[in-house]
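To start, the structure under review is shown below, and the notes come after it.
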C-alpha cells in the first residue's frame, strides 16, 4: 500500500459556471503550479441522481450541513429558512442538483503531498464574498454570496468543488471515476519535489 503523502488524491469539479466563464485552464494552472499531478479528468453532464449521491455519500451530510447552515444564518443575525437541519439540506440539495446538471462539468483527480488541504487552500472558502480570500480561485473569480443566492433561490456559484477530507476524497473519486480511469505515472518534477537527495542537478 502506498502510504507516502505524495500519493494522496483529491477530487476537483469545475462547475458549469466555471466552464461557461472559460476558467478551466486557470483552475488547472493553479493546481499544477503548486506541484500537484493530474491523474484523471473527464467532462460530463451529471444526472440528478449522480449529484444527489455525491452529496449524500456521507450519511451524516444532511444533518451536519443543515446545522452548519443554521449556525451561519444565526451568526449573522438572520433567520434560517427552517429550524430542521434535514429540511434545510433538502432545499440545498435541490438547488445543488439544478446547478450541477445545468451544463457540462469537468471532474478531475489531483495527486500530491497533502493534496486535499492544498487544493482546499488554493480553491478558497465556499462563499466567495465572505470566506474566499483574494489569491484563491473563488476569491479571484467569483463574487457571489449566500445572501444573493438565497434571495434568488439557487446555489452559490463558486466555480469549483473540492473534497473536504481524505475520506471524502476517496469516496467522491470512487463515485466519479472507475478504477481504470485513474493513471499512475511519474512526472520529472517529482524528483525535485519529493526525492530525498537532489542528485543529478549539476
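The values are calculated or read from the model by the stated rules, or taken from the named source; none is laboratory data. In this text, all values refer to a predicted model and were calculated from it rather than measured experimentally. All Cβ positions, glycine included, derive from the backbone under ideal geometry; neighbour counts span all protein chains shown.
Let me spell it out: the conditions are (1) part of a helix (DSSP H, G or I); (2) in contact (Cβ under 8 Å) with a residue 24 or more places away in the chain; (3) within 22 Å of residue 42 (Cβ to Cβ); (4) more than 14 Å from the chain's Cα centre (by Cα), and residue 180 meets all of them except one. Which number is the exception?
Checking residue 180 against (1) part of a helix (DSSP H, G or I); (2) in contact (Cβ under 8 Å) with a residue 24 or more places away in the chain; (3) within 22 Å of residue 42 (Cβ to Cβ); (4) more than 14 Å from the chain's Cα centre (by Cα), the one that fails is (2).
Residue check, residue 12 against (1) in the same structural domain as residue 131 (by TED's automatic domain parsing); (2) part of a helix (DSSP H, G or I); (3) within 21 Å of residue 115 (Cα to Cα), all met but one. Which one?
(2)
Residue-by-condition table, conditions (1) part of a helix (DSSP H, G or I); (2) touching a residue at least 24 places away in the same chain (Cβ under 8 Å); (3) outside the structural domain of residue 26 (by TED's automatic domain parsing):
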| residue | (1), (2), (3) |
| --- | --- |
| 87 | yes, no, yes |
| 108 | no, yes, no |
| 118 | yes, yes, no |
| 127 | no, yes, no |
| 131 | no, no, no |
| 157 | no, yes, no |
| 161 | no, yes, no |
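State all residues of segment 1-44 that are out of contact with any helix residue (DSSP H, G or I) (no Cβ under 9 Å at 6 or more places or on another chain), over 28 Å from residue 192 (Cβ atoms) and touching a residue at least 12 places away in the same chain (Cβ under 8 Å); if no residue qualifies, say none.
Residues satisfying the conditions are 19, 20.
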